[in-house]
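Have a look at the structure below, then the notes.
Taken together, the values in this text are just the output of simple stated rules run on the coordinates, not laboratory data. This is a predicted model, so every value here is computed, not measured. Positions of Cβ are backbone-derived with ideal geometry, glycine not excepted, and every protein chain shown enters the neighbour counts.
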């Protein structure tokens, strides 16, 4: 069941005031019915490549909530990665630093990283985001 608010959001996921022109609203991330690890990774990365980190966060979070128990920690880290990238895109360097620092520690402690997650890409990005001054 979808409990996300129906309030319009901008391209970085910030809620818009209902009085704002509707032209500012950006479509939400889709809610795939059968979100496999492969689908979630491909869709999340496509959103990141399009400059839509909030949408990637939403996809990774959907997978985190529906994946097998042994994959949950990895998808939670990916959702945090998307959140850190969203903070960075919104100009909130401190938020990006805090979230990415926690995510990087969790990433390094993972015992399982499901295929087809690109470990090098995630690790490099989290390391950069968790470096003070790099997210500003």
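Using the structure shown, decide if residue 91 is loosely packed, with under 14 Cβ neighbours inside 10 Å, within 15 Å of the chain's Cα centre (by Cα) and at positive phi.
No.
Residue-by-condition table, conditions (1) over 20 Å from residue 95 (Cβ atoms); (2) assigned to a helix (DSSP H, G or I); (3) touching a strand residue (DSSP E or B) at 6+ places or on another chain (Cβ under 8 Å):
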site: 27; (1), (2), (3): yes, no, no
site: 38; (1), (2), (3): yes, yes, no
site: 42; (1), (2), (3): yes, yes, no
site: 54; (1), (2), (3): no, yes, yes
site: 70; (1), (2), (3): yes, yes, no
site: 76; (1), (2), (3): no, yes, no
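Can you name every residue in region 86-121 that is assigned to a loop (DSSP other than H, G, I, E, B), in contact (Cβ under 8 Å) with a residue 60 or more places away in the chain and in contact with a helix residue (DSSP H, G or I) (Cβ under 8 Å, 6 or more places away or on another chain)?
Those that are assigned to a loop (DSSP other than H, G, I, E, B), in contact (Cβ under 8 Å) with a residue 60 or more places away in the chain and in contact with a helix residue (DSSP H, G or I) (Cβ under 8 Å, 6 or more places away or on another chain): 114, 115, 116, 117, 118.
Is it true that some residue in region 68-80 is within 23 Å of residue 50 (Cβ to Cβ) and surrounded by fewer than 17 Cβ atoms within 10 Å (Cβ to Cβ)?
Among the residues of region 68-80, not one is within 23 Å of residue 50 (Cβ to Cβ) and surrounded by fewer than 17 Cβ atoms within 10 Å (Cβ to Cβ), which makes the answer no.
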